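Step one of this worksheet: look at the structure below.
Coordinate-derived values only; no laboratory data. Owing to the predicted nature of the structure, the values given are computational and were not obtained by experimental measurement. With ideal geometry, Cβ positions are generated from the backbone for all residues, glycine too; neighbour counts draw on all protein chains shown.
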């Protein structure tokens with residue numbers, strides 16, 4: 001049995017951050033990762049531009065975490081949007097803020113940041129082992145399947161950063177849940193698309209962006225855009241209301257968010273002449289293409305001008321549930337606050353800390369996910385260091 005001071009399981013952002021805090025203090029750290037390479041989800045996110053964090057008032061930033069806001073707030077106060085920017089720049093990556101407030105590296109990609117981060121860890125003596133998959137406990141030690149057979153490690157502190165239950169090909173499959181005797185919330189998809197069986201008239205619009213549009217689910221409203229797919233809808237605006245939709249809310253679309261209802265009525269009251277309704281909508285309101293198709297997809301149109309205007313401004317779109325959890329960008333569920341102390345140590349396991357998406361919290365895309373993973377990883381690493389010292 002191998003004996004270590006500090007073991008980190010999972011080489012995503014949370015695990016790497018925890019390891020960096022321990023190693024910077026002079027602790028010998030070993031990181032084990034089940035996949036052949038590290039930071040796979042981070043690299044995937046970087047393909048469309050690595051959204052590091054969000055530049056907005058701190059109170060608004062916190063609201064994105066919903067019910068987990070109170071739990072995460074102390075961690076985000078210590079390592080929030082400002083600190084994420086400084087951290088990235090410390091790794092040689094200049095950042096900029098886009099028009100939506102999202103913060104990106106100037107190179108947009110994740111690979112330069114990850115490469116510099118891994119180099120820093122190596123300089124601090126961190127050892128990285130890939131293709132090591134955790135398969136359970138051996139007393140207080142941990143068992144792993146490796147390319148060289150089963151191995152057992154005993155460590156004074158262990159940081160678990162095993163991810164949620166989405167994108168299993170990238171390493172997050174939630175299988176770790178069976179090994180923890182601790183309070184766990186069931187996994188649920190988050191930041192995912194939703195299914196709908198379209199009529200044949202929608203087929204020409206598959207892949208078309210719907211923008212600008214306002215989505216309303218209960219009290220939650222988001223202005224942005226989404227994409228119509230052959231299976232349903234997906235995109236940033238959908239992800240922002242996905243938790244409310246998943247939990248049973250009804251989706252209402254405002255197809256003309258920049259035009260108020262009285263103005264829509266006024267424009268529809270213009271003489272129609274010999275124009276078809278479709279042409280009248282196009283000429284008076286600019287309503288065409290995928291938006292016009294969605295309007296008709298929702299059922300028979302009201303016969304009155306006021307009724308039609310109200311439908312345009314509040315269009316119900318029935319859905320058939322979320323896409324499969326393995327296709328979700330992230331998940332809710334996992335290790336609950338009740339099962340950990342304020343330093344993210346599991347109550348049932350002395351010296352075992354948790355971080356990242358394996359904790360029971362969720363947030364929309366837009367930099368919130370990565371910031372919280374880094375913040376929880378930082379706390380877990382600092383808490384593990386304190387445990388070692390004491």
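For the Cα atoms of the chain, what angle does the longest principal axis make with the long axis of helix 13-24, in degrees from 0 to 90, nearest 10?
30
According to the Kirkwood expression over distinct Cα-Cα pairs, how big is the hydrodynamic radius of the stretch 96-160, in Å? Please report the intermediate quantities before stating the final value.
On the way: mean 1/r = 0.0658 Å⁻¹.
It is 15.2 Å.
Show log10 I(q)/I(0) for the stretch 338-386 at q = 0.16, 0.20, 0.32 Å⁻¹, two decimals, from a solvent-free Debye sum over equal Cα scatterers.
-0.44, -0.64, -1.22
Would you calculate, for the chain, the mean residue ellipticity at 222 nm contributed by helices, counting each DSSP H stretch of 4 or more residues as -39,500 (n - 2.57) and dividing by all residues, to the nearest 500? Display every interim value, and only then the final one.
Details: 13 runs with 125 residues, N = 390.
Calculated at 222 nm, the ellipticity per residue is -9500 deg cm²/dmol.
In nm, to one decimal, how far is the modelled label at residue 388 from the one at residue 5, with both set 7 Å along Cα→Cβ?
That separation, rounded to one decimal, is 0.4 nm.
Suppose R0 equals 22 Å. What FRET efficiency, 1/(1 + (r/R0)^6) with r the Cβ-Cβ distance, do residue 305 and residue 221 give to the nearest 0.05?
Working: r = 25 Å, r/R0 = 1.14.
Taking R0 as 22 Å, the efficiency between residue 305 and residue 221 is 0.30.
Quick check on the exposure proxy: order 214, 91 from fewest to most C-beta atoms within 10 angstrom.
On the way: 214 18, 91 15.
Taking fewest neighbouring Cβ atoms as first place, the list is 91, 214.
Please work out, to two decimal places, the log10 of the ratio I(q)/I(0) at q = 0.10 Å⁻¹ from a Debye calculation in which every Cα of the chain carries one identical scatterer.
Scattering profile of the chain, log10 relative to I(0): -0.69.
May I ask for the Kirkwood hydrodynamic radius of the stretch 252-390, worked out over all distinct Cα pairs and given in angstroms to one decimal? Numbers along the way, then the final one.
Values: mean 1/r = 0.0511 Å⁻¹.
By the Kirkwood definition, the hydrodynamic radius is 19.6 Å.
For the stretch 284-360, what is the Kirkwood hydrodynamic radius in Å, using each pair of distinct C-alpha atoms?
Working: mean 1/r = 0.0583 Å⁻¹.
Its Kirkwood hydrodynamic radius stands at 17.2 Å.
The stretch 71-132 to the stretch 346-390: how many Å between their Cα centroids?
If you average the Cα positions of each part, the centres end up 16 Å apart.
Which translational diffusion coefficient, to the nearest whole µm²/s, is obtained for the stretch 194-316 from the Stokes-Einstein equation, given a Kirkwood hydrodynamic radius over C-alpha pairs, 37 °C and 0.692 mPa s?
Working: Rh = 14.9 Å.
The calculation lands on 220 µm²/s.
I'd like the distance between the alpha-carbon centres of the stretch 155-185 and the stretch 243-270, rounded to an integer number of Å.
For the stretch 155-185 versus the stretch 243-270, the Cα centre distance is 41 Å.
Across 10 Å bins from the origin, how do the percents of Cα pairs in the stretch 66-198 run, short distances first?
Result, from short to long distances: 9, 24, 35, 26, 6, 0 percent.
Helix 69-78 sits at what angle to the longest principal axis of the chain, using alpha carbons and giving 0 to 90 degrees rounded to 10?
Relative to the chain, helix 69-78 is tipped by roughly 60 degrees.
For the chain, what is the percent of antiparallel DSSP beta bridges, rounded to the nearest 5? Walk me through the intermediate numbers first.
Numbers: 39 of 58 bridges.
Once the DSSP bridges in the chain are tallied, antiparallel ones form about 65 percent.
What is the angle, in °, between the Cα long axis of helix 111-123 and the longest principal axis of the Cα atoms in the chain? Nearest 10 is fine, range 0 to 90.
The angle comes out near 10 degrees.
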